[in-house]
Amino acid sequence: MIKLPNRSNRIFLCCLVGLSWFFSTSQVHYQAHIDPRVLKDASEGHKTHFLVVFRQPDTRELKVLPGKTGDAHTEELINNLIATADTTQRDARAYLQKAGIRYTSYWVANAIAVEGDYHLAEILAGFKDVILIEPDRSFSVDLEGEDVNPHDLMGIQAPGTIEYNLTQVHAPDVWARGETGVGIVYAVADTGVYWQHTALINHYRGWDGASPSHAYNWWDAIHSDINGSSNPCGYSVAYPCDDYGHGTHVAGTGVGDDGGVHQIGMAPGARWIACRNMDSGVGRPSTYIECLQFFMAPTDLNGENPNSDLRADVISNSYGCPSSELCVAHSLQIAVENVRAAGIFMSVSAGNNGPNCGTISDPPALEASVFTIGAVDSSNTIAWLSSRGPVNVDGTPLMKPDLVAPGLSINSSLFTDDDDYGYKSGTSMAAPHIAGAVALLWGAFPSLRHDVDATETLLIASAQPLITSQGCGGDGVSQVPNNVYGGGLLNVKAAFDTYWPIQRKYIFPQIYDQD
C-alpha cells in the first residue's frame, strides 16, 4: 500500500520568495508553449478551463514485471509520479493558493487543471518545469442510445440465457474450464454505473452481500456542472450513480450476470469498480485523467489515502474526446502511458465515425499505448459505424484498430429501478468484450497478469483473421492485420488454449526442464 501524505498537506509546501515578479503584468515572460486555443478561449477577458502540463518523470524503468501482482513496482512508479508532481508543481500551486484560484492537481499526468483568463495562462506558462498550456474544454461525447428494433437490425432471436455475442467470442468455452475472472478488478470509466442492478450488484467490489462500502471502489470526477444543465445524480456523488445509462450497459457486458437467465458479461467472476468521467455525456480531458488516476491508486471518498494495492487490473474505456470539439490529440497520452506502465490493460473503443478510412482520430483510441477495439455484427462483418484506421495524427500512419469484437445489438443491463435489459450498438459495446477477455485470461494465468505487452500479443495471435477489400492505409485484400479489423475477431478460447502450455511450464518448470 502506498503511504502518502494527504492531499491537503501535499499541495502547498513552500514559501513564495522569488515569485513576486509574476504579479506584474508588465513583467510577464513565459517560456512554455501556450496552445492558441487557450488564448482564443480566454480572449476579451473571458475565463476558460485549461491544463498546465509540467515536465514528466522518466518511468520507463518502473514498469511492472510480468507474472507478479506488481505491488512494489506500482508503488515505486506512483511514488515517483507523485514526488515529481510535488516538486515541479510546488511554486505554481503556491501562486494559485495565494491568488485564491481553485485548481486540481494530477500526478498521473503531472498537470494542474485550472480556470482563468489570458493573463493567468501567461503567468503559469512562466513557471519553471511548465512545458505546455493546453485546453481543458468541455466536449460532448456521442454516446450510444438504446436500439429501437434490434431483432430486425441484426436478424437475431430474443435474448438468451447466454447472449449471442459472448458465444461469438467463445467466452462460455473458457467458463467451462472453470475460469470466470475471479480475483481480477475490472474498472469502468464512463457515465457512472447503476450499482444496484441485479446483474451487477453481486459483482461490485463495494458490496459484501449485506452492505455497501464505496470508498476505494467508486469515484465521481464530476464536481460541478459541465454540460449546462442540472444532473440527475448531482455532483461529487459518494456512491455509484449513472446519469445517462451508458456506463451501466458497458459494465454489464464486462462482468454482468444475475445468477439466472441473464448471462450478459464476459467475466462474471471479476469484481468491478467505477469512476464517472462525464456529466450526462459531457466531459473534459481533466475528468478523464482524474478517473485514470483513481484506477491506479484508489482513494477514500474524500480523495485521500491512495492505495495502489486496490488498483484496477483492466480498464474498459467507451469514450473519446472528439476532434470536432477541437480536443488536443494527445491530451490523454501521458496518463494512459503511465497507466500501462503500472501493468493495467486499457481496452478502448475505436469510435463510431465510420465507415471511411482514417476515422480513428479521437483520444485515447489513437494512442499506441492502448488497445483499440472496432465493432462487428453477428456474422463478423465490420459495423458500418465502426471507425477505421490508420491513425494519421502524427504524420506517420499507425495501424488501428487492434482487434474487433461484437458491437451491434448487444443486450446488457440498463440503469432502471426495474432491473431492465436492453440493446445498444457501437464500438462502446465492443470494447468491454476485450476487457472481459483479459480478466478471464489474467484470472486463469498468474504469469500473464499485468504483462500488457504479452497479453496484447496473445490476443492478436489467437484472433480469428478477417480480411477486407476497403484498402484503408494501403491494405491489401488478404492483409492481416489491417486497418478495418486489426488482427481480427477476439477468440478468448483460442487465447486460453494458446497460453495454457506456457502457464503449465510456469507452474511446473521442473517437468519441462527435463524435456
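Values quoted throughout were computed directly from the atomic coordinates according to the rules given, and no laboratory measurement underlies them. In this text, all values refer to a predicted model and were calculated from it rather than measured experimentally. FYI the Cβ positions are ideal-geometry reconstructions off the backbone, even for glycines, and counts take in every protein chain you see.
Using the Cβ of Gln263 as centre and a radius below 14 Å, the other residues enclosed give a net charge of -4, where K and R count +1 and D and E count -1.
Bridge orientation summary for the stretch 312-455: considering DSSP beta bridges with both residues in this region, about 35 percent are antiparallel. Net charge of the neighbourhood of Pro481, taken over other residues with C-beta under 10 Å away and scored Lys/Arg +1, Asp/Glu -1, is -1. Counting only aspartates and glutamates at least 8 places from Lys493 when in the same chain, those with an alpha carbon closer than 13 Å to its own are Asp173, Glu179.
3J(HN,Hα) couplings calculated from phi for the stretch 297-306 with the Karplus curve 6.51 cos²θ - 1.76 cosθ + 1.60 (θ = phi - 60°) are, in sequence order, 8, x, 10, 6, 6, 9, x, 10, 6, x Hz; Gly and Pro show x. For the stretch 271-349 versus the stretch 418-485, the inter-centroid distance based on Cα atoms is 20 Å. Three principal axis extents of the chain based on alpha-carbon atoms, in descending order, are 69, 51, 48 Å.
Most simply put, the chain has about 50% antiparallel DSSP beta bridges, counting only bridges with both residues inside it.
Highest first, please rank the peptides 284-297, 242-255 by the mean number of other Cβ atoms sitting within 10 Å of their residues.
Numbers: 284-297: 25.8, 242-255: 28.9.
Result, highest mean Cβ count within 10 Å first: 242-255, 284-297.
For the stretch 230-367, the square roots a ≥ b ≥ c of the C-alpha gyration tensor eigenvalues yield an a/c under 1.5, which makes the shape rounded. Peptide packing for 444-454, 266-276, 40-50 was compared via the average number of neighbouring C-beta atoms within 10 Å per residue; ordered from the highest value, the list is 266-276, 444-454, 40-50.
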